[in-house]
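Peer 1: Before I ask anything, here is the structure I am working with.
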Amino acid sequence: MVTRRPIEIEDLYRLFSLTDVTVDPAGRRVAFTAARPVAEADDYESRIWVYDRETGTTRPWTREDDRSSSPRWSPDGRHLAFLRRSQGRPAQLCVMSADGGESRELTNYQHGVSEYEWSPDSVRFALTAATVEEWSPDGRGAKTEPVRVIETLRYKFNGRGFIFDKNRHVYVLDLEGGQPLLVSGSDWDDTNPAWSHDGARIAFASARHAEREFDLAADIFVVSLASGETTQITETLGAAESPCFSPDDQVVAYIGADRRTSMPSHRKVWVTPSTGGRQRPLGADFDRTVTDVDGLTWSPHGDRIYALYEDEGRIALLAVDTVTGERVQGDRTLPRQIHSYACLAGEGSAVIAASSSQRPPELYLHDLEGRSDDVCLTEFHNAWMDTVQLSDMEAYWGESADGTSVPCWIMRPPGLDPEGKVPGVLKIHGGPYAQFGYNFNHELQLYCARGYALFFCNPRGSSGYDEAWARSLGRHRGILDYQDVMACADGAIAQFPFVDETRLAVTGGSYGGYMTSWIVGHTKRFAVACSEAAPNNLYSMSGSSDLAGSNHRLVYGFTAQENPEFYMERSPISYAQAIDTPLLIIHSENDLRVSIEQGEQLFVALRLQRKPVRFLRFPGENHNLPRTGRPTHRVQRLSHILTWFADFLST
């Protein structure tokens with residue numbers, strides 16, 4: 001019998017993410033991206049793998065030293081295209097035979113290819129790329145980089161850097177290469193190209209209205225390749241992305257919302273005539289938000305549209321009826337999250353990449369009608385799972401101060417003594433328009449492996465529930481959500497006697513970091529805390545973030561300059577004098593979402609008071625450090641958090 005061990009930090013290197021699922025036209029082969037951190041290279045291995053449904057085998061299709069992703073089979077089944085990042089270069093479009101072998105690189109864009117789609121006749125691609133020439137010391141003969149002239153609020157973006165002069169445009173490129181044809185352009189950022197089935201038109205998303213830098217809206221456009229004429233087919237109601245032509249090309253479906261100047265807003269499946277006309281949402285009575293992962297898929301007869309929906313901690317593949325425009329159907333019962341999908345035309349099934357709280361991602365064959373159980377197709381994590389102890393999620397309800405029921409979960413440490421007491425960790429998600437749920441999370445499992453009871457919730461402001469729940473926070477941020485997350489902790493202590501209320505920690509990142517900083521400024525209940533990438537001063541963040549001018553303004557309804565007192569009242573930095581809890585502050589030096597000055601301010605305020613505080617600065621990292629940072633930095637981050645907690649939670 002194999003003795004199972006607790007999960008460790010270094011198990012991070014054993015875990016794959018599976019994305020970009022796509023099925024060949026014959027329905028036989030499934031291509032997908034499998035990525036994992038690699039210790040030796042301090043980087044990520046990302047390869048295209050192919051699962052063969054006839055032989056049941058899975059094997060890599062691209063080399064280890066190429067960071068390949070986004071596979072797409074050609075409609076005629078003869079080729080497989082993908083994006084490749086090699087030797088530090090940005091992603092370029094490549095193509096190989098559908099049977100494998102050496103690939104050809106078709107592009108050489110300085111800023112890479114963002115996305116692409118095959119034409120229906122399999123001889124062209126629609127792709128998006130930014131083609132501005134980047135300055136270099138010897139490129140223009142200048143020794144000093146020129147000044148950046150900024151005239152728009154949206155001039156930088158976390159993970160991308162400066163974007164004000166790097167608008168992406170739609171190009172058409174022949175399979176045999178040559179000069180790409182620009183089919184969109186000017187001062188707009190164009191994304192999400194999608195071909196009509198007759199190959200005559202391309203739909204794409206773009207924000208071209210006069211107020212585009214001040215609101216959340218975008219539109220869907222359609223360009224005729226014969227005439228070059230571009231038609232706006234939506235009416236600037238709100239967000240619009242991921243267009244997709246119906247089988248008869250008469251209708252374009254897209255993911256959209258109907259609020260321009262207020263957030264958050266649930267996204268729905270919308271449809272509009274492909275030549276323009278009245279746009280309407282489908283499944284409006286199903287009050288959940290659609291994710292933007294893998295876009296939309298029409299059924300072969302055009303009577304359904306498939307999409308991924310967030311649903312009470314789950315991410316489910318559901319279908320909306322295009323005939324009635326109302327009914328949304330599919331399996332909403334399985335406790336899991338689907339990370340990618342591809343429908344099998346005519347089979348009534350799909351191949352999905354999914355994970356659950358105790359199962360890392362694998363590929364599954366999923367019956368769209370729910371007539372049979374899912375069949376697991378891959379074994380990326382089987383051997384590893386046979387060696388480790390994993391904790392499951394148990395649902396419970398917390399009762400907030402105003403009587404609101406808050407959905408919560410707890411994870412017990414493996415080998416828990418039913419008569420004993422263990423420290424508890426309250427974990428708070430980012431967003432706040434996000435959700436905790438039924439996916440595999442290495443970090444949460446790690447807390448349990450170190451002997452902590454972990455509890456977490458989806459407080460008001462979270463996604464995954466009805467829109468009223470998401471929008472109920474509004475100007476009450478720091479008030480209602482504080483009550484909700486404290487109800488999560490209170491519920492864990494009251495309902496699970498093994499939680500030691502004298503040894504509690506609280507932690508979270510981004511909005512979760514904000515709540516952590518806020519909590520320790522308003523209560524002494526926690527013995528230790530860790531605040532990551534936290535907005536600690538909302539007034540200064542309103543001018544320094546890549547979302548400056550929209551993030552808080554569109555939630556509160558006014559700018560920091562219009563009501564500075566309110567912004568400071570809701571800023572954790574204003575309560576630094578009351579913070580006595582030992583606090584670990586973590587921030588990335590290249591974070592453009594929540595600038596590192598936010599962490600610096602709180603550190604200085606606490607250090608000047610001689611309070612117990614430690615500041616970790618991660619060079620070269622951005623806001624996504626916990627998910628996509630350098631593997632060495634991710635390991636260091638976890639090690640520092642666990643050491644900090646152990647110093648203050650040990651008996």
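Peer 1: I'd like the full set of residues that are more than 25 Å from GLN636 (Cα to Cα) and surrounded by fewer than 22 Cβ atoms within 10 Å (Cβ to Cβ), limited to the range 496-520.
Peer 2: Once the filter is applied, which keeps residues that are more than 25 Å from GLN636 (Cα to Cα) and surrounded by fewer than 22 Cβ atoms within 10 Å (Cβ to Cβ), the range 496-520 yields PHE496, PRO497, PHE498, ASP500, GLU501, THR502.
Peer 1: Let me ask something additional. Look at THR581 and say whether it is hydroxyl-bearing (Ser, Thr, Tyr) and either crowded, with 21+ Cβ neighbours inside 10 Å or under 19 Å from ALA505 (Cα atoms) (or both).
Peer 2: So THR581 passes the test.
Peer 1: Restricting attention to the range 40-60, report how many residues are in a loop (DSSP other than H, G, I, E, B), modelled with pLDDT of 95 or more and closer than 17 Å to SER17 by Cβ.
Peer 2: 0
Peer 1: Looking only at residues that are open to solvent by 30 Å² or more (accessible area, probe 1.4 Å) and in contact (Cβ under 8 Å) with a residue 40 or more places away in the chain in the range 533-550, which one is farthest from GLN609 (Cα to Cα)?
Peer 2: The extreme case among them is LEU547.
Peer 1: Now for a different question. So, in the range 172-188, exactly how many residues are within 27 Å of TYR155 (Cα to Cα) and part of a strand (DSSP E or B)?
Peer 2: The number of residues fulfilling the criteria is 3.
Peer 1: Restricting attention to the range 74-93, report how many residues are within 24 Å of VAL351 (Cα to Cα) and either touching a Phe, Trp or Tyr at 6+ places or on another chain (Cβ under 8 Å) or of a type outside the set (A, V, I, L, M, F, W, C) (or both).
Peer 2: Of the residues in that region, 10 qualify.
Peer 1: Give the residues of the range 284-304 that are in a loop (DSSP other than H, G, I, E, B) and among the hydroxyl-bearing types (Ser, Thr, Tyr), sorted by residue number.
Peer 2: Selection gives THR289, THR291, SER299.
Peer 1: Which condition number in (1) within 24 Å of ASN108 (Cβ to Cβ); (2) open to solvent by less than 40 Å² (accessible area, probe 1.4 Å); (3) in a loop (DSSP other than H, G, I, E, B); (4) of a type outside the set (Gly, Ala, Ser) is the one that ILE202 fails?
Peer 2: Against the list (1) within 24 Å of ASN108 (Cβ to Cβ); (2) open to solvent by less than 40 Å² (accessible area, probe 1.4 Å); (3) in a loop (DSSP other than H, G, I, E, B); (4) of a type outside the set (Gly, Ala, Ser), ILE202 comes up short only on (3).
Peer 1: Could you grab me the full set of residues in the range 445-472 that are under 24 Å from PHE496 (Cβ atoms), open to solvent by less than 10 Å² (accessible area, probe 1.4 Å) and not in a strand (DSSP E or B)?
Peer 2: GLN445, LEU446, TYR447, CYS448, ASN458, PRO459, SER462, GLY464
Peer 1: Name the one entry in THR191, THR231 that is open to solvent by 10 Å² or more (accessible area, probe 1.4 Å), in a strand (DSSP E or B) and closer than 13 Å to SER274 by Cα.
Peer 2: The unique qualifying residue is THR231.
Peer 1: From (1) at pLDDT below 95; (2) small (Gly, Ala, Ser); (3) in contact with a Lys or Arg (Cβ under 6 Å, 6 or more places away or on another chain), pick out the condition that doesn't hold for SER224.
Peer 2: Looking at each condition in turn, SER224 falls short on (1).
Peer 1: Can you pull out every residue in the range 184-205 that is modelled with pLDDT of 95 or more, touching a strand residue (DSSP E or B) at 6+ places or on another chain (Cβ under 6 Å), small (Gly, Ala, Ser) and within 16 Å of VAL172 (Cβ to Cβ)?
Peer 2: ALA194, SER196, ALA203, listed by residue number.
Peer 1: Could you run through the range 234-260 and say how many residues are open to solvent by 30 Å² or more (accessible area, probe 1.4 Å) and more than 22 Å from ALA319 (Cβ to Cβ)?
Peer 2: Matching residues across the range 234-260 total 4.
Peer 1: A further question on this structure: Go through the range 276-304 and count every residue that is surrounded by 16 or more Cβ atoms within 10 Å (Cβ to Cβ) and without any contact (Cβ under 8 Å) to a residue 24 or more places away in the chain.
Peer 2: Here the count works out to 1.
Peer 1: Here's something else I'd like to know. From ALA395, ALA401, ALA383, which residue is assigned to a loop (DSSP other than H, G, I, E, B), surrounded by fewer than 16 Cβ atoms within 10 Å (Cβ to Cβ) and modelled with pLDDT of 95 or more?
Peer 2: ALA401
Peer 1: I'd like the full set of residues that are charged (D, E, K, R) and over 18 Å from GLU310 (Cα atoms), limited to the range 322-376.
Peer 2: GLU347, ARG359, GLU362, ASP367, GLU369, ARG371, ASP373, ASP374
Peer 1: So how many residues does the range 415-424 have that are surrounded by 21 or more Cβ atoms within 10 Å (Cβ to Cβ) and either without any contact (Cβ under 8 Å) to a residue 40 or more places away in the chain or under 28 Å from GLU362 (Cβ atoms) (or both)?
Peer 2: Total meeting the criteria: 0.
Peer 1: Restricting to the range 305-353, and then to whatever is over 28 Å from TRP49 (Cα atoms) and either assigned to a strand (DSSP E or B) or open to solvent by less than 20 Å² (accessible area, probe 1.4 Å) (or both), can you tell me which residue is modelled with the lowest pLDDT?
Peer 2: VAL328
Peer 1: Residues that are of a type in the set (Phe, Trp, Tyr) and in contact with a strand residue (DSSP E or B) (Cβ under 6 Å, 6 or more places away or on another chain), at least 3 per element: which helices (runs of 4 or more DSSP H) completely within the range 574-651 meet that?
Peer 2: Qualifying helices (runs of 4 or more DSSP H): 631-649.
Peer 1: Between a residue in the range 173-192 that is more than 14 Å from ALA129 (Cα to Cα) and any residue that is part of a loop (DSSP other than H, G, I, E, B) and open to solvent by less than 80 Å² (accessible area, probe 1.4 Å), which pairs come within a Cβ distance under 6 Å, given they are 6 or more apart or on different chains?
Peer 2: LEU175/VAL123; GLY177/LEU106
Peer 1: Taking the residues in the range 94-119 that are within 23 Å of the chain's Cα centre (by Cα) and of a type outside the set (Val, Ile, Thr) as candidates, determine which candidate is farthest from ASN167 (Cα to Cα).
Peer 2: GLU117
Peer 1: For the range 61-111, which residues satisfy the criterion of being part of a loop (DSSP other than H, G, I, E, B), of a type in the set (Ser, Thr, Tyr) and more than 20 Å from ALA35 (Cβ to Cβ)?
Peer 2: SER74, THR107, TYR109, listed by residue number.
Peer 1: Among the candidates THR33, THR19, single out the residue that is within 30 Å of THR387 (Cβ to Cβ), outside any loop (DSSP other than H, G, I, E, B) and either of a type in the set (D, E, K, R) or open to solvent by 20 Å² or more (accessible area, probe 1.4 Å) (or both).
Peer 2: Checking each option against the conditions leaves just THR19.
Peer 1: Do we have ARG28 as touching a Lys or Arg at 6+ places or on another chain (Cβ under 6 Å) and at pLDDT 95 or above here?
Peer 2: Against the criterion (touching a Lys or Arg at 6+ places or on another chain (Cβ under 6 Å) and at pLDDT 95 or above), ARG28 qualifies.
Peer 1: So if I check each of ASP174, ASP187, ASP219, which one is under 23 Å from PRO281 (Cβ atoms) and of a type in the set (Asp, Glu)?
Peer 2: Just a single option satisfies the conditions, and that option is ASP219.
Peer 1: Which condition breaks for GLY420 when tested against (1) of a type in the set (Gly, Ala, Ser); (2) over 28 Å from PHE16 (Cβ atoms); (3) in contact with a helix residue (DSSP H, G or I) (Cβ under 6 Å, 6 or more places away or on another chain)?
Peer 2: (3)
Peer 1: How many residues does the range 354-373 contain that are modelled with pLDDT of 95 or more and in contact with a strand residue (DSSP E or B) (Cβ under 7 Å, 6 or more places away or on another chain)?
Peer 2: Result for the range 354-373: 9.
The values are calculated or read from the model by the stated rules, or taken from the named source; none is laboratory data. Treat the numbers as computed from the prediction; the structure is a model and nothing was measured. Glycine gets a Cβ as well: all are built from the backbone with ideal geometry, and neighbour counts include every protein chain shown. Ligands, DNA and RNA are excluded from the accessible area calculation, which covers all protein heavy atoms including side chains. Shrake-Rupley method; radii C 1.70, N 1.55, O 1.52, S 1.80 Å.
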